[in-house]
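Asker: Next up is a structure, given as structure tokens.
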Amino acid sequence: LATAKKLIEELGEKEAGLRMIVTGGSAHAKNLLERPRFILIAEELPVYPVEIYEKGVKLMTHEFERDLPFVKSTNYLTGFRLIPEKKEKGAFEVLYVWRGKFLECSRDNFFVFRGDTLATPGNYVLGGITRQVLLSVARERFRVEERDVLVEEVDEIDEAFLASTSKQIVP
């Protein structure tokens, strides 16, 4: 805790996030997890233009399912690889689709409204703290479904948004 406070203090008055990483250990260890490493990184949170929250953003889809999607990992290789295509298409984020189902974005969870029902993929996605908080708050006001959100439903979706700790809620 003291190290985390010190790192945040070094960023000054800026809005900060902490990234905690636990590695599998030394590459030279005889057994995996024999000597795991803990890395703590404090970083300034990005500031996004107000327009994305007022006007919404464009997503591009990509057929992909993460390995171990329920684990918060540092494997962003697919998202990085898609940056040139994302820029070419003018997309803010990549929405992963797998076998006819919307899953999640490269760094965000995905949600849709059909009428007054909020739906979000419930399988093969990162459960995430921001997602959990959002669903908890939403349940107080809306019907909430954690289920497969099918690509074939796209014409029936009234609204869609993505959510993450650093971006908050982006329409």
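Asker: Residue under question is residue 63, and the condition is that it be farther than 24 Å from residue 15 by Cα, under 17 Å from the mean Cα position of the chain (by Cα) and exposed (fewer than 11 other Cβ atoms within 10 Å of the Cβ); does it hold?
Answerer: yes
Asker: Then there's this: Of all residues in segment 66-80, which are among the β-branched types (Val, Ile, Thr) and open to solvent by 60 Å² or more (accessible area, probe 1.4 Å)?
Answerer: Within segment 66-80, 71, 74 qualify.
Asker: Residue check: is residue 35 surrounded by 12 or more Cβ atoms within 10 Å (Cβ to Cβ), within 30 Å of residue 148 (Cβ to Cβ), in contact with a Ser or Thr (Cβ under 9 Å, 6 or more places away or on another chain) and basic (Lys, Arg)?
Answerer: The answer is no for residue 35.
Asker: Condition first: among the acidic types (Asp, Glu) and either modelled with pLDDT under 95 or open to solvent by less than 30 Å² (accessible area, probe 1.4 Å) (or both). Now tell me which residues in segment 117-147 satisfy that.
Answerer: If the condition is that a residue be among the acidic types (Asp, Glu) and either modelled with pLDDT under 95 or open to solvent by less than 30 Å² (accessible area, probe 1.4 Å) (or both), then no residue fits.
Asker: For residue 141, which of the numbered conditions (1) outside any helix (DSSP H, G or I); (2) among the basic types (Lys, Arg); (3) under 19 Å from the mean Cα position of the chain (by Cα) fails to hold?
Answerer: Among (1) outside any helix (DSSP H, G or I); (2) among the basic types (Lys, Arg); (3) under 19 Å from the mean Cα position of the chain (by Cα), the lone unmet condition for residue 141 is (3).
Asker: Would segment 88-102 turn up any residue that is part of a helix (DSSP H, G or I), farther than 24 Å from residue 123 by Cα, among the charged types (D, E, K, R) and open to solvent by 60 Å² or more (accessible area, probe 1.4 Å)?
Answerer: Yes, the conditions are met somewhere in segment 88-102.
Asker: Moving on to the next point. If I go through segment 40-60 residue by residue, how many of them are open to solvent by 60 Å² or more (accessible area, probe 1.4 Å), touching a strand residue (DSSP E or B) at 6+ places or on another chain (Cβ under 7 Å) and of a type in the set (A, V, I, L, M)?
Answerer: Number of matching residues: 1.
Asker: Test residue 106 against the criterion of being more than 26 Å from residue 171 (Cβ to Cβ) and either in contact with a strand residue (DSSP E or B) (Cβ under 7 Å, 6 or more places away or on another chain) or of a type in the set (Ser, Thr, Tyr) (or both), and give yes or no.
Answerer: Answer is no for this residue.
Asker: What number of residues within segment 1-37 are more than 22 Å from the chain's Cα centre (by Cα) and either under 23 Å from residue 71 (Cα atoms) or without any contact (Cβ under 8 Å) to a residue 24 or more places away in the chain (or both)?
Answerer: So the answer is 22.
The values are calculated or read from the model by the stated rules, or taken from the named source; none is laboratory data. It should be emphasised that the depicted structure is a prediction, and the values quoted were computed from it without experimental measurement. Using ideal geometry, Cβ is built from the backbone for each residue, glycine included, and neighbour counts are taken over all protein chains shown. In case anyone asks, the SASA skips ligands and DNA or RNA and just uses the protein heavy atoms, side chains included. Shrake-Rupley method; radii C 1.70, N 1.55, O 1.52, S 1.80 Å.
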